[in-house]
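First the structure, in the form of structure tokens, and then the observations on it.
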Amino acid sequence: MPECSPREDEYHRVMHLGWRSRARVTLTRPLARVLLDTEPLRKLLLRSRARTVSESGLDPDTGVILAVEAYTRDSKVSALTPEAARSTLSEGILIADDAPTAEILTRETRLEGPRGKLPARVYEPRHLEGPSPGLVFIHGGGWVTGDIDSHDTLCRRIAHEGQLRVISVEYGLAPEHRFPAALHDVVAAFRAVAARAGELRLDPKRIAVGGDSAGGNLSAVVAIETRNDPVRPAAQLLIYPAVDATCSFPSHTENGEHYYLTSSSIAWYLDHYLGGDMSLRTDPRVSPYLATDLKGLPPAIVVAAQFDPLRDEAVAYAERLR
């Protein structure tokens, strides 16, 4: 497949949206830059978050974003259809994203999956020799939203900072593809990447799996499902992973409102992913924290965010892995 420059990738990400979304991104993006860089406006917005910033240590930039979000209500996904939630996420990321990393080349490919070919994008630092370490990246978005484009900048940063090749995978989203469709897709995707390691210029002994939020959930389960494979993940990168769908840890109460991810949003995501069958919350393939046996899993980097409802379960899962 032909390689794309960062400028071409950015163009395709915007043109992928509907015309209303493209107009919103085009008009709002420069205003967002001015807002974040203008100190009087920042101070005005931070008034509503001043106590949280000063007393708890909330990052001021995050406080500004949350103050803007209080007006736009973009995080209120429970009031949206899945289609509207996907558009809102795509718009918000394009408005807030930094410029793509220039040193990264990309190319599109497809991986064998249980329902046919799965779209994937390969990120490669320009002068990286092969075979190199690799990361099969599984995007977040509550199993309902997100795609390769929504996590494009993050994958570029990982490839650049880690000097490795990243293969970002698209999987079936709920409610069109409910549990366990997404899980089957990403397990197949990891195995397909492992089988094509030579073609993708990867060292088969150094292929990791990772993702954020729902992608962290799926990555954790991939590590469990493939631990006895001839080529298993060399590591797992779990970025604020959703690993306990019972939502029973204290951070779900402590951080369930006033921050971007809310309790009502989590319930909305799980309802779509599980098709309304809440008994599935305790299935270890939904809640890997509840798996009886975590022995033999690859080394893990687990990232937890202080003001995240998922914080405590991420920490608890890290302790179980330890």
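The values are calculated or read from the model by the stated rules, or taken from the named source; none is laboratory data. As the structure is a computational prediction, the values presented were derived from the model and not from experiment. No Cβ is skipped: glycine too gets one built from the backbone with ideal geometry, and neighbour counts run over all protein chains shown. Quick note on the areas: whole protein, heavy atoms, side chains included, nothing else; ligands and nucleic acids left out. Shrake-Rupley method; radii C 1.70, N 1.55, O 1.52, S 1.80 Å.
Quick notes on this one:
- Nearest-0.05 FRET efficiency for E103 and D203, computed from C-beta distance (R0 22 Å): 0.60
- Hull volume per residue, based on the alpha-carbon atoms of the stretch 185-322 and their convex hull, is 109 Å³.
- Extension gain (nm, one decimal) between I301 and S54, 0.36 nm per residue minus Cα-Cα: 86.0 nm
- Multiplying the residue separation of S78 and T62 by 0.36 nm and removing their Cα-Cα distance gives an extension gain of 3.6 nm.
- With all protein chains in place and ligands, DNA and RNA left out, the 1.4 Å accessible area ranks C155, C247 as C247, C155, largest first.
- For A242, distant residues with modelled amide H under 5 Å away: S213, A214, G216, N217
- Rg over Rh, two decimals, the stretch 97-218 (C-alpha only, Kirkwood Rh): 0.95
- Fraction of accessible area attributable to carbon and sulfur, the stretch 198-300 (%, probe 1.4 Å): 53
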